[in-house]
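Nothing in this text is a laboratory measurement; each read-out follows from the coordinates by a stated rule. All figures in this text were calculated on a predicted structure; none of them were measured in a lab. Heads up, the Cβs are rebuilt from the backbone with ideal geometry, glycines too, and the neighbour counts pull from every protein chain shown.
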Amino acid sequence: MLKKLTDIKIGNNAKIVKINSSELRKTLLEMGFIPGTIVRKIRCAPLSDPIEFRLRGFNLSLRKKDADHIIVEED
Amino acid sequence: MVLTVALVGNPNVGKSAIFNALTNLNQNVSNFPRTTVERKDGSMDISGFGFCKISDLPGIYSLTANSLDEIVSRDFIIDQKPELVINIVDASNLEHHLYLTVQLLELQVPMIICFNKIDIAEKMGIIIDYDSIEELLGTPIIKTIAYERTGIKELRKMIKTTLKSVTIHHRELPEIMVLPSNIEEPLKELASCFKNQKEESHRFSEHSRWMAIKYLEGDSDIVNRVEKAKINGKVKNIVKETLIPDPPLEFAKQRYNIIENILKPTVKKPEITRTSVTELLDDVLTHKWLGIPIFITMMWLVFQTTFALGEPFMLLVELIFYYFGNIIEVIFGSPEISPITAFLHGTVVDGLGSIIIFLPNIIILFLAIAVLEDSGYMTRAAFNVDRILSAFGLHGQSFIPMALGIGCTIPAIMSTRSIRGESDRLITILVSPFISCGARLPVYVLFAGAFFPGNEGNIIFSLYMLGIIVAIIMALIFRKTLFRDQISPFLIEFPPYLRPRLNAIVLKAWVNAKLFLRKAGYLIFLSVSIIWIMNELGLVEPIGKVMQPFFSPFGLDWQLSASLLFGFIAKEVVVGALGTMYGDIPEGNLTDYLAESSPLAGNPAAAFGYMVFVLLYLPCVAAIGAIKGETNSWKWTMFSIAYTTIVAYIAALIVMLTFSFYSGIFGV
């Protein structure tokens, strides 16, 4: 089942299926958010935004509105 | 001919440390023309080549046209044609860092790759076969631990070796960079098309493959250049035949494939490379309920330590200036008879002295910033508050600079350098001066004591709150008017926590302090001298009288008006200046004089208005110097001075009127 990266459970892994069009798309692709990549949701900030993710051996945070464009399949 | 070397790498990889090590701090900070992108140039002594120019380019993740930093960096490499590019990567984070490396290899420029932070890689249990990577990439690799200068000697040797053997700007493409044939074939065709056209700039002939890749990717800057070069006909044909459905995705994917092909055979990484310490700390420091209170406590601790540690140094500075004043008197005679003594007493001892006395505190705050950055905590602090700040048009990264403003505006402004988005940085620089700094406290204490005895604490607290509110409102206004573009994305890497390293923080604080003194120093001295001259020429009273009408709603006399002028030097000078101008009133009785005999007597509303004006109006000359240093623009510096004063005046008026209205109702 396809979901937004924002919506997966904390601590879970997900495989990226596609990156929807947005201003940040090119940047996200270059940071390594590529279809087929495994991403793990680590935690949310105290006010639930931004969200910390782990992929390709490093940790990165994204705002919800940007993570919403990343469509994944939860593990 | 002077040889040029460029340093390129991701943000926070340790470029500055390597740059400092190679240049031995012989460096100069400026801006790339027509931008606020910082440019660091230095000279490095390479035996056999004399002094070479070395440029530290902005930290970037890629060579796209997505951000100004990237465009500026790639244009530098292509147009300035450095004889050597040193790419610095984080050995503990190769999969991420090699993305830039792969793009530099596409450019086919002479290169050395520096694997920095090998100590961290080792601690994580990462085993790297450097020789194999060297072979795969056809590029020399130097291992370094930049902040302790390990590997720097070897780096210098390799720079010398490479410079000696570089004859052409263009180099061979390593085998591993060849793409699958469905892309490689049209790419090669397009590249040879670019290579053979005659009229355009050298970048088409010397970087034809990179240009072709960028064109197929749809890079806006490159597409423009190709259109302008008028080779469009042939080019469009090739592109039509090439069926790449989603070029940005395809090329990003291919690059990560290349990276995998490089790393799989050469690097062994344990499953978990993130220490449990980092995870635990993050659980606490970004905790839903604890995160923000912990941050506030941290900042409070920082300020307490700063002023506690700073105090003995402040006394030392006072002593030094006192003795300096005495020595001058001994040499040149007393101030009444010797103009030299009078000048030096006025400008150096009183003027500069009142600014330098805060220097120890400023340096300690720089150290605190360096500790927060080095440990990795800065990014988590920004993470915690981004949601709130975004609502006001500010980026999470603006939080620490603004919080520092409570201590002193100067470190606040200088720490905005870590904010990556240009408009986010500028807005933060413009609103930070509204946050009440430590130097204004003596003014508040004096006036609150005179007009609100028993209520000093509440009055001063409300002033601090007002400063924060005005800063936030102005940030919102700026975001909606002058800087209508979006807040830059929150795309921040979380490094593992590090025990702050003494060398690294002392060096950072030292570089900041030097920078501040160099950029603000002359401005400070100049302004102090001018005001002293005005004073000597007896201009203060006439100037005060000219200023007085503007402050008529508050009913100020010329002394109170003129004292605001002295706030330009340093906010706390306002108190001293008042004392001097009112003549010989013994200490402590200035309070009574203000409360009973000055034009503000019996008018707490106007007094409060005066305090609000002091809170908000122009930054002190040292802060102005810092603003000029960070923005590299007289336009923004002048704008800061003007708009803060206007806002201060309006706010002071509103506050005074509101206060008298309510005190009228409640009979206060």
For chain B, what does -39500 (n - 2.57) per DSSP helix run (n ≥ 4), summed and divided by total residues, give at 222 nm, in deg cm²/dmol to the nearest 500? -19000 deg cm²/dmol
Convex hull volume per residue for the range A:1-71, taking Cα atoms only, in Å³: 77 Å³
Using alpha-carbon positions, the gyration tensor of the range B:421-519 gives root eigenvalues a ≥ b ≥ c; with a/c under 1.5 called rounded, otherwise prolate if a/b exceeds b/c, else oblate, the class is oblate
Dimensionless Rg/Rh of the range B:131-240 - Kirkwood Rh, Rg from C-alpha atoms: 1.10
Rounded, prolate or oblate, given the Cα gyration tensor of the range B:587-668, with a/c below 1.5 counting as rounded? oblate
Between residue B:304 and residue B:462, what is 0.36 nm times their sequence separation minus the Cα-Cα distance? Round to one decimal in nm. 54.8 nm
Partner shielding of B:486-496, as the mean number of partner chain Cβ atoms within 10 Å, equals 5
Selected from B:597, B:51, B:551, residue furthest toward positive end of dipole (the protein assembly as shown; charges at beta carbon): B:51
For the range B:88-184: relative contact order, % (alpha-carbon pairs under 8 angstrom, 6 or more apart): 32 percent
Nonlocal amide H pairs with residue B:600, under 5 Å, H built at 1.01 Å: none
Whole-Hz Karplus couplings 3J(HN,Hα) for the range A:19-27, θ = phi - 60° and coefficients 6.51, -1.76, 1.60, Gly and Pro as x, run 10, 6, 5, 6, 4, 8, 4, 4, 4
The range B:80-148: projected area of the alpha-carbon convex hull, averaged over directions, in nm²: 5.0 nm²
Taking a crude spin-label model, label points 7 Å out from Cα along the C-beta direction, the residue B:80 to residue A:12 distance in nm is 4.9 nm
Exceeding 19 Å between C-alpha atoms, which entries from my cross-link table qualify? They are B:545/B:571; A:26/B:117; B:123/B:253; A:41/B:288. B:545/B:571; A:26/B:117; B:123/B:253
Mind giving me the FRET efficiency for residue B:12 and residue B:596? R0 is 51 Å, r the Cβ-Cβ distance, nearest 0.05 is fine. 0.30
So how do B:440, A:63 line up by other beta-carbon neighbours within 10 Å, fewest first? A:63, B:440
One computes Rg over Rh for the range B:334-474 from alpha-carbon atoms, with the Kirkwood Rh, and obtains 1.09
Roughly how tilted is helix B:152-165, in degrees to the nearest 10 and between 0 and 90, from the longest Cα axis of chain B? 50 degrees
Using alpha carbon centroids, what distance separates the range B:84-125 and the range B:506-544, in Å? 44 Å
Cβ-Cβ cut-off under 15 Å around residue B:501, Lys and Arg +1, Asp and Glu -1: the net charge is +1
Taking the Cα atoms of the range B:493-589 alone, what are Rg (to one decimal) and Dmax (as a whole number) in Å? 20.7, 60
Take every residue in peptide A:18-30, count the Cβ atoms of other chains within 10 Å of its Cβ, and give the average of those counts. 5
What's the FRET efficiency of residue B:164 with residue B:119 using the Cβ-Cβ distance as r and R₀ = 41 Å, to the nearest 0.05? 0.85
For residue B:114, other-chain or 5+-apart residues with amide H closer than 5 Å (H placed, Pro excluded) are B:87, B:88, B:89, B:142
With the contact rule set at Cα under 8 Å and sequence spacing of 6 or more, what percent relative contact order holds for the range B:427-498? 39 percent
Bin by bin, in steps of 5 Å, what percent of the Cα pairs in the range B:242-348 do you find, going until the bin that has the longest distance? 2, 9, 8, 7, 6, 6, 7, 7, 8, 6, 6, 6, 7, 6, 5, 3, 1, 0
Considering every residue in B:247-260, what mean count of other chain Cβ atoms within 10 Å of its Cβ is obtained? 3
Only four residue types carry charge here, +1 at the Cβ of Lys and Arg and -1 at the Cβ of Asp and Glu. Report the dipole size of the protein assembly as shown about the Cα centre in Debye, rounded to the nearest 20. 1760 debye
Sequence neighbours fewer than 8 away in the same chain don't count; with that in mind, list the lysines whose C-alpha is under 17 Å from residue B:236. B:188, B:195, B:214, B:228
Toward the positive end of the charge dipole of the protein assembly as shown, about the Cα centre and with charges on Cβ (Lys, Arg +1; Asp, Glu -1), which of B:254, B:1, B:133 goes farthest? B:254
In whole angstrom, how far apart do the alpha carbon centroids of the range A:17-33 and the range B:441-494 sit? 37 Å
Could you tell me the largest-minus-smallest coordinate of the C-alpha atoms of the protein assembly as shown on each of the three principal axes, in descending order and whole angstroms? 90, 63, 53
Extension gain residue B:181-residue B:541, at 0.36 nm per residue separation less the Cα-Cα distance, in nm? 121.3 nm
Shape category assigned to the range B:289-349 from the gyration tensor of Cα positions, a/c cut at 1.5: prolate
Net length gained if the chain between residue B:41 and residue B:241 were fully extended (0.36 nm per residue, minus Cα distance): 67.5 nm
At 7 Å along the Cα-to-beta-carbon direction for both residue B:476 and residue B:322, put a label point, then send me their distance in nm to one decimal. 4.9 nm
Please list the non-local residues whose amide H lies under 5 Å from the amide H of residue B:43, H modeled 1.01 Å from N, same-chain partners needing a gap of 5 or more. B:26, B:54
Calculate I(q)/I(0) for chain B by the Debye formula, one identical point scatterer on each C-alpha and no solvent, and give its log10 at q = 0.05, 0.08, 0.10 Å⁻¹ to two decimals. -0.30, -0.72, -1.00
Approximate shape of the range B:1-49 as ellipsoid semi-axes (Cα gyration tensor, √5λ), whole Å, largest first: 20, 15, 10
Please give the per residue volume of the convex hull enclosing the alpha carbon atoms of the range B:209-258, rounded to a whole number of Å³. 77 Å³
Any idea which of A:34, A:45, A:22 is furthest toward the positive side of the dipole for the range A:13-64, if Lys and Arg beta-carbons carry +1 and Asp and Glu beta-carbons -1? A:34
Using alpha carbons only, how many angstrom separate the centre of the range B:206-276 from the centre of the range A:37-63? 26 Å
How big, in percent, is the set of alpha carbon pairs in the range B:426-480 lying more than 15 Å apart? 52 percent
Calculate the FRET efficiency for residue B:534 and residue B:391 from the Cβ-Cβ distance with a Förster distance of 45 Å, rounded to the nearest 0.05. 0.50
I'd like the Karplus ³J(HN,Hα) series for the range B:626-640: coefficients 6.51, -1.76, 1.60, θ = phi - 60°, whole numbers in Hz, and an x wherever there's a Gly or Pro. 5, 5, 4, x, 7, 8, 6, 8, 5, 4, 6, 5, 4, 4, 4
Run a plain Debye calculation on the range B:400-448 (Cα atoms as equal point scatterers, no solvent) and give log10 I(q)/I(0) at q = 0.24 Å⁻¹, rounded to two decimals, same order as the q list. -0.77
Which ³J(HN,Hα) values, rounded to whole Hz and listed in residue order, are derived for the range B:242-259 from phi using the Karplus coefficients 6.51, -1.76 and 1.60 in 6.51 cos²θ - 1.76 cosθ + 1.60 with θ = phi - 60°, glycine and proline given as x? 7, 9, 9, x, 9, x, x, 5, 4, 5, 4, 4, 4, 5, 5, 4, 4, 4
Ranked highest first by average number of other Cβ atoms within 10 Å, how do B:333-342, B:77-86, B:417-426 line up? B:417-426, B:77-86, B:333-342
Counting only C-alpha contacts under 8 Å and six or more residues apart, can you give the relative contact order of chain B as a whole percent? 10 percent
Once you place label points 7 Å from the Cα toward the Cβ at residue A:20 and residue A:38, how far apart are they in nm? 2.6 nm
